[in-house]
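Notes follow once the structure below has been shown.
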Amino acid sequence: MKPVFVSLPVLLALGACSVAPEGQSIHDPYEQTNRQIHEFNVGLDRALLRPASQAANTLPDGVTQTVTNFADNVALPGLIANGILQGDVKGASTNTFRFVINSTVGFYGLFDVADIIGLYEEDTDFGETLAVWGVPEGAYVELPVLGPSTERDAVGEIVDMLYDPLGNWVTDEQLAYGTAANVADKIITRGAFGNSVDSVLYDSADGYAQARLLYLENRRYDLGQEQSDAYIDPYADPYFDPYEDQ
């Protein structure tokens, strides 16, 4: 893996992560701008992502599962790197074994053999790495195309996109295949949770507020940081992020 040099802009971004006032679970000082970006994202979903995901739903399960398996496998080196940075020996080891097994026995990750034998993926990202390092969550932000995030997670997403450990071992063409699989996987996931996403984006009285609440609640739950009694739409998947594979 190439050394990861954190640029001055990234350091400044980390230092600028604001802290919510005491007792305030939702810190959204950029709400006006966020709502404009949300409307753009909803328009993008309506025009492109939603129709593409509906088309993906018509494909055989064997086809979509193979794409998902391959996308998950090419993402594993990044998960391994973040596990190491977090000092998570168990998670990094599990993901390493998964990558080795699925890249060999699983024919370059097309088949998830590791899952069959009980080696389940330990999901993580650089946003979680920053949380482990003590960087505050910061304000809520909605990113164009990428969707709901926070100041800390936005920096994490940029780092995860810019520094791919797999780039040291494969060709640019192979990386392009991985990127294409990742995009296809997000479309497939959008289709799999179509009703839940539609209920948030199109059926809620305030889709922006609902998406924001779901993202913050689920992200904090995933990081083991906070569980609140805030209301969540009972018709939505309680662990679903409208813009992430999850």
Selection count, the stretch 200-223, where residues are polar (S, T, N, Q), over 25 Å from residue 132 (Cα atoms) and at pLDDT 95 or above: 1
Residue list for the stretch 47-64, restricted to those being over 11 Å from residue 191 (Cβ atoms) and either in contact (Cβ under 8 Å) with a residue 40 or more places away in the chain or open to solvent by less than 60 Å² (accessible area, probe 1.4 Å) (or both): 62
Of residues in the stretch 73-92 being open to solvent by 50 Å² or more (accessible area, probe 1.4 Å) and part of a helix (DSSP H, G or I), the one farthest from residue 121 (Cα to Cα): 85
Residue, nearest to the chain's Cα centre (by Cα), within the stretch 117-169, restricted to residues that are β-branched (Val, Ile, Thr) and within 16 Å of residue 85 (Cα to Cα): 124
Leading residue by the ranking (surrounded by the fewest Cβ atoms within 10 Å (Cβ to Cβ)) among those in the stretch 108-132 that are among the charged types (D, E, K, R) and in a loop (DSSP other than H, G, I, E, B): 123
Helices (runs of 4 or more DSSP H) completely within the stretch 1-72 that count 2 or more residues being at pLDDT below 70 and not aromatic (Phe, Trp, Tyr): 8-15
Filter result (touching a Pro at 6+ places or on another chain (Cβ under 8 Å) and within 28 Å of residue 98 (Cβ to Cβ)) within the stretch 118-165: 147, 148, 152, 164, 165
All helices (runs of 4 or more DSSP H) inside the stretch 133-204 with 3 or more residues being touching a residue at least 60 places away in the same chain (Cβ under 8 Å), touching a helix residue (DSSP H, G or I) at 6+ places or on another chain (Cβ under 7 Å) and open to solvent by less than 60 Å² (accessible area, probe 1.4 Å): 151-162, 172-192
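The values are calculated or read from the model by the stated rules, or taken from the named source; none is laboratory data. Note that this is a predicted model, so its numbers are computed, not measured. We place every Cβ from the backbone using ideal geometry, glycine too, and count neighbours over all the protein chains shown. These accessible areas exclude ligands, DNA and RNA; they are computed on the full protein's heavy atoms, side chains included. Shrake-Rupley method; radii C 1.70, N 1.55, O 1.52, S 1.80 Å.
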